[in-house]
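**Q** I am attaching a structure below and will ask some questions about it afterwards.
The values are calculated or read from the model by the stated rules, or taken from the named source; none is laboratory data. Since the model is a prediction, treat every value here as computed from it, not as a measurement. A quick note on method: Cβ atoms are made from the backbone with ideal geometry, for glycine too, and the neighbour counts reach across all protein chains shown. Calculation scope for accessible area: heavy atoms of the full protein, side chains included, ligands and nucleic acids excluded. Shrake-Rupley method; radii C 1.70, N 1.55, O 1.52, S 1.80 Å.
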Amino acid sequence: MDCKLHQAFRLCFKAHKNQEIESCSPSMPYSSHPIDVANKLRFVGGVTDEDMLAAAYLHDVLEFTDVTLAEIKEQFGERVAGLVLELTRREPLDIEMEGKSDVERSELRSRMMLDEISRMGPDAQVIKLADRLSNLVMAFQTRKGDRLTRYLAQTKRILEIIEPERNPALWKAIDDLIPKPKFDV
């Protein structure tokens, strides 16, 4: 029997074929990211819900590939399609970016993402925690200086928005990676 997770894994791999994670050197296939998110969701977060795991595999397909919401709905059902839609980021319009510096553009994207996360349902927020954990591990290898500092600040804001009770293990795994200020006693 061909289970939903196998189908989602194959669609993830096919949809992200020939895409690469741009910030890595040597470059990694993009599909390694959603696979890592699904693995973190399952093995760090302890999630066994097939729809949530399938959505983790597919969480970036609407944003970065030509897969449509209708295709996801047809193949995986309403719940998976809804989760993937909740996890799909909206990019600012050109008019919203006009005249802004790189830092201002980054701040706008960040505010938009944080607002989207605050409106997500509980299951989408848990998948978002697994996504952030995956991205955070990579960020320590690929971001430096101000870019890393801004990413860590954004991550702290995500942890303020998503309650630890959503998934204590994922929440704690992220919190444990964020450097804490050291105080002399």
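**Q** Sort largest first and round to whole Å: the equivalent ellipsoid semi-axes of the stretch 123-185, each the square root of five times a Cα gyration tensor eigenvalue.
**A** 20, 15, 10
**Q** List the residues, sorted by chain then number, that are 5 or more residues from I21 or on another chain and whose placed amide H is less than 5 Å from its amide H.
**A** Those qualifying (amide H under 5 Å, at least 5 residues apart or on another chain) are M28, Y30.
**Q** Hey, any idea what % of the chain's accessible area is carbon plus sulfur with a 1.4 Å probe?
**A** 53 percent
**Q** I've got another one for you. Just A70, A169, A38 to compare: in a GNM of the chain, with alpha carbon springs under 10 Å, which one fluctuates most?
**A** A70
**Q** Match the structure shown to one of the listed values (1) 60, 43, 36; (2) 48, 39, 28; (3) 55, 28, 25 of Cα extents along the principal axes in Å, computed from it, and give that label.
**A** (1)
**Q** Quick check for you: with a 1.4 Å probe and neighbouring chains kept, what is the accessible area per residue of the stretch 103-144, in Å²?
**A** For the stretch 103-144, the per-residue accessible area is 44 Å².
**Q** While we're looking at this one, here's another question. I want to verify a result. In a Gaussian network model of the chain, Cα cutoff 10 Å, which of these has the top mean-square fluctuation: N39, N18, N167?
**A** Among N39, N18, N167, the largest mean-square fluctuation in the Gaussian network model of the chain belongs to N18.
**Q** Counting only C-alpha contacts under 8 Å and six or more residues apart, can you give the relative contact order of the stretch 39-112 as a whole percent?
**A** Computed over the stretch 39-112, the figure is 26 percent.
**Q** Hydropathy first: keep DSSP H helices in the chain averaging at least 0.5 on Kyte-Doolittle, then drop any whose Cα extent along the axis falls short of 18 Å, and list what survives.
**A** Result, helices passing both filters: zero.
**Q** Shifting gears a bit: Let's see if you can work this out: charge +1 on each Lys and Arg Cβ, -1 on each Asp and Glu Cβ, no other charges. What is the dipole magnitude of the chain about its Cα centre, in debye to the nearest 20?
**A** 560 debye
**Q** Pop a pseudo-label 7 angstrom from the Cα along the beta-carbon direction at both T48 and E74 and give the gap in nm to one decimal.
**A** 3.3 nm
**Q** As an exercise, identify the trypsin sites (Lys or Arg not before Pro) in the stretch 121-160 lying in DSSP coil whose Cβ has no more than 10 other Cβ atoms within 10 Å.
**A** K144
**Q** May I pose another question? Among the GluC sites (Glu not before Pro) within the stretch 1-65, which fall in a DSSP loop and have no more than 14 other Cβ atoms within 10 Å of their own Cβ?
**A** For GluC sites (Glu not before Pro) across the stretch 1-65 that sit outside H, G, I, E and B with at most 14 neighbouring Cβ atoms in 10 Å, the list reads E22.
**Q** Find the relative contact order for the stretch 105-185 and round it to a whole percent, using C-alpha pairs within less than 8 Å whose residues are 6+ positions apart.
**A** With pairs under 8 Å counted, the relative contact order is 40 percent.
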